[in-house]
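The values are calculated or read from the model by the stated rules, or taken from the named source; none is laboratory data. Treat the numbers as computed from the prediction; the structure is a model and nothing was measured. As a convention, Cβ positions derive from the backbone with ideal geometry for all residues, glycine included, and neighbour counts pool all protein chains shown. The protein model used for the area step is the full one, side chains on, heavy atoms only, and it has no ligands, DNA or RNA in it. Shrake-Rupley method; radii C 1.70, N 1.55, O 1.52, S 1.80 Å.
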Amino acid sequence: DCEDFALTVLWLEAGKSMLNFWWMVLTFQAMIWYVKTDDNVGHAALWVRGKGWTDNIKPYWSRKYQYERVYPMVAPMLALKMFIGGVY
């Protein structure tokens, strides 16, 4: 699922450190965005400062992102997602 992919990549970018993970989120070095695909389907994508965008549809880093950004998933949303699904 796209949210799990974004959370896992962020976890790996943070060096598998919960402290670094939350530091990146709280200092806006990384953000998971709710986006709309070309088919107008809801989707999650990860943006990391200095690397760009990635998601499970196009699992590589890109400076530009093709889908419409709707809103960023802020820290409380991420905490809830992690509580429900976990990051491993």
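Among the residues examined, TYR71 qualifies as more than 11 Å from the chain's Cα centre (by Cα) and either under 18 Å from ASP1 (Cβ atoms) or in contact (Cβ under 8 Å) with a residue 24 or more places away in the chain (or both). Scanning segment 34-88 for residues that are under 24 Å from TRP22 (Cβ atoms) and aromatic (Phe, Trp, Tyr) yields TYR34, TRP47, TRP53, TRP61, TYR65, TYR71, PHE83, TYR88. Of the residues making up segment 18-29, not a single one is surrounded by 15 or more Cβ atoms within 10 Å (Cβ to Cβ), assigned to a strand (DSSP E or B) and in contact with a strand residue (DSSP E or B) (Cβ under 6 Å, 6 or more places away or on another chain).
In segment 30-58, the qualifying residues are those that are of a type in the set (Val, Ile, Thr) and open to solvent by 60 Å² or more (accessible area, probe 1.4 Å), and the one that is nearest to the chain's Cα centre (by Cα) is ILE57.
For segment 44-55, which positions are at pLDDT 95 or above and touching a helix residue (DSSP H, G or I) at 6+ places or on another chain (Cβ under 7 Å)? Walk me through how you get there before you give the answer.
Our first condition is that a residue be at pLDDT 95 or above; within segment 44-55, this holds for 45-55.
ALA45, LEU46, VAL48, THR54, ASP55, listed by residue number.
Within segment 59-71, the set of residues being open to solvent by less than 100 Å² (accessible area, probe 1.4 Å) and within 17 Å of ALA30 (Cβ to Cβ) comprises PRO59, TRP61, SER62, TYR65, TYR71.
Condition check ((1) charged (D, E, K, R); (2) out of contact with any Cys (no Cβ under 6 Å at 6 or more places or on another chain); (3) not in a strand (DSSP E or B)) across all residues:
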site: ASP38; (1), (2), (3): yes, yes, yes
site: ALA44; (1), (2), (3): no, no, no
site: LYS58; (1), (2), (3): yes, yes, yes
site: GLN66; (1), (2), (3): no, yes, yes
site: ARG69; (1), (2), (3): yes, yes, no
site: LEU78; (1), (2), (3): no, yes, yes
site: LYS81; (1), (2), (3): yes, yes, yes
site: ILE84; (1), (2), (3): no, yes, yes
